[in-house]
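K.L.:
Sending over a structure as C-alpha cells; questions will come in a sec.
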Amino acid sequence: MIEIKNLRKGFNGEAVLKGIDAKFEQGKTNMIIGASGSGKSVFLKNMLGLFEPDKGEIIYSGESLLDMDIDRKSDLRKEMGMLFQHSALFDSMTVEENIMFPLRMFSRMKLAERRERANEILERVNLVNLNKKMPSEISGGQQKRVA
Amino acid sequence: MRFLRHIGKYMMMLIGVFKRPTKTSVLRELVLKEIDDLIIGSIGITAFISLFMGAVVALQTALNLDNPLIPKSLIGFATRQSIILEFAPTFISVIMAGKVGSYITSSIGTMRVTEQIDALEVMGINPLNYLIYPKIIALLFYPFLIAIIMFVGIFGGFLASVYGNLVSLEDFVVGLQDSFIPWHIAYAFIKTMVFGILLATIPSYHGYYMEGGALEVGKASTTSFVWTCVAIIVANYILTQILLTT
C-alpha cells in the first residue's frame, strides 16, 4: 500500500500541493483527476521521489520514501513505471533501442533476444516497421505508445 | 551566498557522478561515443585555428624584429613558447568551452526539459553517472588533442615564416630547439588535464540543474560558456603560479 500524508509542495513561494492525503491499495486501479495546472504531475513526481516535498510523508508498505537512501529508492523505482508528458524517449536512440534500453541495463539478454522482445512489444502496440525510426520521426501518439 | 551554494551543489554533483556506476559494457560504449563526439569531432576546427594562429604568431614576431642584433631564430623560439605554454592549452580550451561546453550543456539541458533525466531516475539509473562520467573520462584524452594542436600550431608558424621568406629554415629550427625546457611540455599537459575536467563538469552542471524550457537551454549554454571560461582563466593563473614559479 502507498500512503500519502499531508503532502505539501510549492515552487517559488507558490503552493501547488496543499496538504494532500491519499491511500493507494494493492490491486486497485486509482485515477487522479484535476484541472490543468492543478498539480497532478507534481503529485506523481513527489510519489516517485523526483521532487522532494516541502512537508508531509510518502509511505511505501510502511517505509517512508523520504528516509530511504538512494540505493533503496533506486530498487523501489525499478518496480515502477511512469508515462511522462513528453514521452521522455531518448532522442539519440531509435525506437527499438529505446525499448531495448532497460533490458540492456538490467538483464543479461543477448542483442538478438532483446531485439525479439522489442519487436513483440512494437507488434502489441501496432507500431511494426518503426524500429529504426528516431523518436523525432514519429508522431506524438506513437511516441506515447513506444514509451 | 548564491555562488557558494552553486559551488556546494557542484561538489555534490561530482560526488554523485562516481556513485552507483552504470553497467560496464554500457559505460564503455558511452565513453567511446563521447571520445568521438568531444575529442575527435574537435580536431578539425581546433587544428584549423591553431595552424593560422601559429602562422600569425610567427608573422607578428618577424614583423616586430627591427633590431639587427636580435637573431632571426627568435621567430621559431617565440612561436614554440607561445604555442606550447599558452596558445595550445589555454586558448584552445576557451574555444573548446564554446564548442564542446555548449554542446554538453544543451544536450543535458534538453534531456532535463524533455524529462529524459527523470526517466533515467525512474528506471533506477544514476543519471549523473550515466551522463557525466563518460564525458569526464573522454576529456581525460584531451591532452592528445592538445599535442596535435601544438604540432599544427608550430607547423603553421614554420609555413608562414619560412615560406614567407621571413627566416631561413635553419634559423627557424635553431629557434625551435633553443633553450628548450622539457618541463614546459609537462606543465602544458597538466594544465590541459585540469582544463579537460573543467570542460566536462561545469557545462554538465549547468545542463543538469537547469530549470525551464527551450529558451532556458540557450541561456544555460551561454552561462556555462562564461563560467567555464572564467574557471579556465583562473585555473590557468593558479597552475602557472604553482608549476612555473616554484
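Values in this text are rule-based calculations from the coordinates and carry no lab data. All values reported here derive from a predicted model rather than from experimental measurement. Virtual Cβ from ideal backbone geometry, glycine too; neighbours counted across all protein chains shown.
K.L.:
Full extension from A:Leu103 to A:Ser38: what is 0.36 nm times the residue separation minus their Cα-Cα distance, to one decimal in nm?
P.N.:
Here the answer is 19.9 nm.
K.L.:
To make sure I understand, if each residue's beta carbon is the centre and we count other beta carbons within 10 Å, what order do A:Lys132, B:Lys9 fall in, fewest to most?
P.N.:
By the 10 Å Cβ count, ascending, the order reads A:Lys132, B:Lys9.
K.L.:
Take the alpha carbon atoms of the protein assembly as shown, find their radius of gyration, then divide it by 2.2 N^0.38 Å using N residues; give the quotient.
P.N.:
Compactness ratio reported: 1.26.
K.L.:
Mean Kyte-Doolittle hydropathy of 0.0 or higher plus an axial Cα length of 18 Å or more: which whole DSSP H helices in chain B meet both?
P.N.:
TM-like helix candidates: B:2-17, B:41-63, B:142-162, B:182-208, B:214-245.
K.L.:
For each of B:Phe52, B:Phe3, count neighbouring Cβ atoms within 10 Å of the residue's Cβ, then give the residues from fewest to most.
P.N.:
Exposure proxy ranking, most exposed first: B:Phe3, B:Phe52.
K.L.:
Within the range B:11-38, which residues have the backbone N less than 20 Å from the label spot 7 Å out from B:Thr110 along Cα→beta-carbon, could you tell me?
P.N.:
B:30-38
K.L.:
Sticking with this structure for a sec: Give the share of C-alpha pairs in each 10 angstrom bin for the range B:16-115, from 0 to the last occupied bin, in whole percents, shortest bins first.
P.N.:
Bin by bin from 0 Å, the calculated values are 12, 29, 26, 16, 10, 6, 1.
K.L.:
What are the principal axis extents of the Cα atoms in the range B:171-246, in Å, biggest first?
P.N.:
57, 29, 14
K.L.:
A further question follows. Grab the beta carbon distance between B:Ile242 and B:Ile70, set R0 = 56 Å, and tell me the FRET efficiency rounded to 0.05.
P.N.:
The calculated FRET efficiency here is 0.95.
K.L.:
In peptide B:101-113, how many Cβ atoms from other protein chains are near each Cβ within 10 Å, on average?
P.N.:
Taking the mean over all residues of the peptide, I get 1.
K.L.:
Also: Largest first and to the nearest Å, give the Cα extent of the range A:2-77 along each principal axis.
P.N.:
Taking max minus min along each principal axis of the Cα atoms, the range A:2-77 gives 31, 29, 18 Å.
K.L.:
Of all the Cα-Cα pairs you can form in chain A, what percent are over 26 Å apart?
P.N.:
Here the long-distance tail beyond 26 Å is 41 percent of all Cα pairs in chain A.
K.L.:
Ratio of Rg to Rh for the range A:95-146, alpha carbon only, Kirkwood?
P.N.:
With Rg and the Kirkwood Rh in hand, the quotient comes to 0.97.
K.L.:
Suppose every Lys and Arg Cβ carries +1 and every Asp and Glu Cβ carries -1, with no other charges. What dipole size does the protein assembly as shown come out with about its Cα centre, to the nearest 20 debye?
P.N.:
800 debye
K.L.:
When the scattering of the range B:88-246 is computed by the Debye formula from its Cα atoms alone, each counted once and equally, what is log10 I(q)/I(0) at q = 0.09, 0.16 Å⁻¹?
P.N.:
Values, matching the q order: -0.40, -0.91.
K.L.:
Order these by the 10 Å Cβ neighbour count, fewest first: B:Thr240, B:Thr61, B:Thr222.
P.N.:
In order of increasing Cβ crowding within 10 Å: B:Thr222, B:Thr240, B:Thr61.
K.L.:
For A:Arg117 and A:Glu57, what does the FRET efficiency come to when R0 = 41 Å and r is the distance between their Cβ atoms, rounded to the nearest 0.05?
P.N.:
Computed FRET efficiency for A:Arg117 and A:Glu57: 0.60.
K.L.:
Continuing with the same structure: If you line up the long axis of helix A:111-124 against the longest principal axis of chain A, both from Cα atoms, how many degrees apart are they, to the nearest 10?
P.N.:
70 degrees
K.L.:
What is the sum of charges around B:Leu38, taking Lys and Arg as +1, Asp and Glu as -1, for the other residues whose C-beta is under 11 Å from the C-beta of B:Leu38?
P.N.:
After counting each charged neighbour, the total is 0.
K.L.:
Have a look at B:Asp36, B:Asp66, B:Asp178 and tell me which one the Gaussian network model of chain B (Cα, springs below 10 Å) gives the largest fluctuation.
P.N.:
Greatest mean-square fluctuation among the candidates belongs to B:Asp66.
K.L.:
Still on this structure, please answer the following. What nm distance separates the two modelled labels at B:Ile43 and B:Lys219, each placed 7 Å from Cα along Cα→Cβ?
P.N.:
Label at B:Ile43, label at B:Lys219, 3.9 nm between them.
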